[in-house]
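The block underneath contains the structure these notes are about, expressed in structure tokens.
Each reported figure results from applying straightforward, stated rules to the coordinates on display, with no laboratory input. Note that the structure is a prediction, hence the values are computed from the model and not measured.
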């Protein structure tokens, strides 16, 4: 069987769980080679200090990949959205990948690379509406599929996203096995995982805390212009 290559983007100050959850699930798909792809092989420090070591560089990553994936973050994501090497890599692999995917604000990177124009997509609830600035159609769902574009909402949605993708690639029966071996059977201690359920006070506090990031993300998105090369 031909090895299927999965390229997971890694960049400084990303949110580690955006990457690690999907990495865990997707690595259990049969006959795959999962690459942690970055500009260099230097260790990357996530936004909360976890060190991640890339396995391959942009230049050495296979041109044809089964899955291209972008994790999210805050400051690191803003920098990735305007980094020409990162965008060129995402654009070149995304134009040929069977699946173009993201979790959380990683969809902003897909948007900045010109990969979401005319597509339904989601993101973290704080930044979801910004997708329209990249020509995408924001959707308030945990996992959104539009043909070969598959995007997940904030952080922990990476597990739901990855299981959805695993079922598409290797079948529902195998995805069930992955879910069981991971014992992904969530019973959260609180029902505060969305703005609708967290309540006004909690949601407003988060909006205030994330306001500087949202303002910076809005400015970055407003500078974006489609390229004829997309």
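Cα centroids of the range 112-183 and the range 50-85: 17 Å apart.
If you take every DSSP beta bridge whose two residues both sit in the chain, what share of them, in percent to the nearest 5, is antiparallel? Show your work: numbers first, answer last.
Values: 7 of 28 bridges.
Of those bridges, close to 25 percent are antiparallel.
Dimensions of the chain based on its C-alpha atoms, expressed as ranges along the principal axes with the largest first, amount to 53, 45, 35 Å.
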